[in-house]
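Below is one structure, written out as structure tokens, with a few remarks after it.
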Amino acid sequence: QVQLVESGGGLVQAGGSLRLSCAASGSIFRINAMAWSRQAPGKQRDFVAIITSVGTTNYVDSVKGRFTISRDNAKNTVYLQMNNLKPEDTAVYYCYATIVAGVAVTTQTYWGQGTQVTVSS
């Protein structure tokens, strides 16, 4: 069984910073891409950022230059450093990862439970 557990959300004023973490645990053989998405109230869940196993990154245009995704492979953890936060960044942030795991060594996408980020104006 694989679990992704997020932490680091909270309430911050516009212009502030937060750092989200997401740790994967369980019978993990290999973690491929790790990523973050977000869902604002009444809206669909949208892609935010992704990092591959070799460190290649990609971001949605609205966060480029403000957010940085990184990972620590030794800790099976992905991070999202969020700077210069704006009220429109308010959402529940979810991490997800493509993980090879289990006795059968199968590949599956796993999701975290989500962490709330609220940016006040």
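The values are calculated or read from the model by the stated rules, or taken from the named source; none is laboratory data. Here the structure is a predicted model, which is why all the values come from computation and not from measurement. Cβ atoms come from the backbone with ideal geometry, glycine included; neighbour counts cover every protein chain shown. Ligands, DNA and RNA are excluded from the accessible area calculation, which covers all protein heavy atoms including side chains. Shrake-Rupley method; radii C 1.70, N 1.55, O 1.52, S 1.80 Å.
Identify all residues within the stretch 87-121 that are in a loop (DSSP other than H, G, I, E, B) and in contact with a helix residue (DSSP H, G or I) (Cβ under 9 Å, 6 or more places away or on another chain); write none if there are none. Talk me through it step by step, then tell me what you get.
Residues of the stretch 87-121 that are in a loop (DSSP other than H, G, I, E, B), as a first pass: 90, 102-105, 112-114, 121.
The answer is Ser121, and nothing else.
Table: residues versus (1) closer than 15 Å to Gly114 by Cβ; (2) touching a residue at least 12 places away in the same chain (Cβ under 8 Å); (3) open to solvent by less than 50 Å² (accessible area, probe 1.4 Å).
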| site | (1), (2), (3) |
| --- | --- |
| Gln3 | yes, yes, no |
| Ser21 | yes, yes, yes |
| Val48 | yes, yes, yes |
| Val54 | no, no, no |
| Arg71 | no, yes, yes |
| Leu85 | no, yes, yes |
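Evaluate the stretch 13-21: report whether one residue or more is over 11 Å from the mean Cα position of the chain (by Cα) and of a type in the set (Lys, Arg). Working first, answer last.
So in the stretch 13-21, the residues over 11 Å from the mean Cα position of the chain (by Cα) come out as 13-18.
Now narrow it down to the ones that are of a type in the set (Lys, Arg): none.
Checking the stretch 13-21: not a single residue is over 11 Å from the mean Cα position of the chain (by Cα) and of a type in the set (Lys, Arg).
Which condition breaks for Gly15 when tested against (1) part of a loop (DSSP other than H, G, I, E, B); (2) modelled with pLDDT of 95 or more; (3) within 12 Å of Ala91 (Cβ to Cβ)?
Looking at each condition in turn, Gly15 falls short on (3).
Inspect all residues belonging to the stretch 92-101 and state whether any of them is exposed (fewer than 12 other Cβ atoms within 10 Å of the Cβ) and under 16 Å from Leu18 (Cα atoms). Can you show your working first?
Of all residues in the stretch 92-101, those exposed (fewer than 12 other Cβ atoms within 10 Å of the Cβ) come to none.
For the stretch 92-101, residues exposed (fewer than 12 other Cβ atoms within 10 Å of the Cβ) and under 16 Å from Leu18 (Cα atoms): absent.
Can you find a residue that is more than 21 Å from Gly114 (Cβ to Cβ), touching a residue at least 12 places away in the same chain (Cβ under 8 Å) and assigned to a loop (DSSP other than H, G, I, E, B) anywhere in the stretch 23-43?
So far as the stretch 23-43 goes, yes, one or more of its residues are more than 21 Å from Gly114 (Cβ to Cβ), touching a residue at least 12 places away in the same chain (Cβ under 8 Å) and assigned to a loop (DSSP other than H, G, I, E, B).
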